[in-house]
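Quick notes on the structure that follows.
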Amino acid sequence: MPSNADYEYAVAEKKFHEAVTDLEKFAALQEMRSAAPKHKGAEKLRAEISKKIAKLKTKIDKQESVPKSGAGHSINVKKEGCGQIAVIGTPNTGKSSLINSISNANLAVGNYEFTTTKPEIATMNYKGTKVQLVEVPALITDSSKGKANGIQLLSVIRNADAVVAVLEEDKAQEQLNILLNETKEV
């Protein structure tokens, strides 16, 4: 502490050293800056305090911008082979049938919507190389807002190396629009 600092500065400095959280330290530093001597001999002290405030503010802002963990569970599919392809589509478009026909998988196929409820994994052999296929459960309008576990499903798509969209011929444009709208943030 500078020899010519007053009692207010000493109290603020003590608060700073006793502070536990970043917000407490930030508040104490602001008190220190306002109570610091204003004469030319204390310029270095004021500059150091301002520098600490700037660093702490940056740290606090970063902490606030990071999403809280545990806000929701995520689905993680471990990559295997030379690449991972996410197979996406709207309900009942034949994603499982396509994967079954190009791999040795035996995924459940049904004539009703949402037959697939979690990502299903299959492996395809392409020119002697193993490629992982991940069937993503159906995406619907507002999946990107959390409907039908959409946010977790989008994380699977985000982590894939490539994406294949399966569309019905007579509804292709409508289904493509839904998929593009829901995956535009991916």
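FYI, it's all coordinate maths here, none of it is from the lab. All of these numbers come straight from a predicted model, not from anything done at the bench. Because the Cβ atoms are built from the backbone with ideal geometry, glycine has one as well, and the counts that use them run over all protein chains shown.
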Can you give me the distance in nm between label points at VAL164 and MET124, each placed 7 Å from the Cα along the Cα-to-Cβ direction?
0.2 nm
Let me understand the range 7-65 better: what is its radius of gyration from the alpha carbons, and its Dmax, in angstrom?
11.8, 38
Using amide H atoms built in the peptide plane, which far-off residues or other-chain residues are under 5 Å from GLY94 H to H?
none
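With the contact rule set at Cα under 8 Å and sequence spacing of 6 or more, what percent relative contact order holds for the range 7-65? Before the final figure, lay out each step's value.
On the way: 40 pairs, mean separation 18.9, N = 59.
Worked out over the range 7-65, it gives 32 percent.
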Interatomic Cα distance distribution for the range 94-160, bins of 5 angstrom, percent:
3, 17, 25, 22, 18, 10, 4, 1
May I ask you to compute the full-extension gain from VAL20 to SER50, defined as 0.36 nm times their residue separation minus their alpha-carbon distance, rounded to one decimal in nm?
8.9 nm
How large is Rg/Rh for the chain, to two decimals, with Cα atoms and a Kirkwood Rh?
1.35
Reachable aspartates and glutamates from LYS40, Cα under 18 Å, same-chain residues fewer than 8 places away excluded?
ASP6, GLU48
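How much length would be gained if the chain were fully extended between ALA42 and ASN149, taking 0.36 nm per residue of separation minus their Cα-Cα distance, in nm to one decimal? Each step should come with its number before you reach the end.
Details: separation 107, 0.36 × 107 = 38.52 nm, distance 5.80 nm.
Fully extending the segment from ALA42 to ASN149 adds 32.7 nm.
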Output the relative contact order of the chain, whole-number percent, from Cα pairs under 8 angstrom with separation of 6+ residues.
19 percent
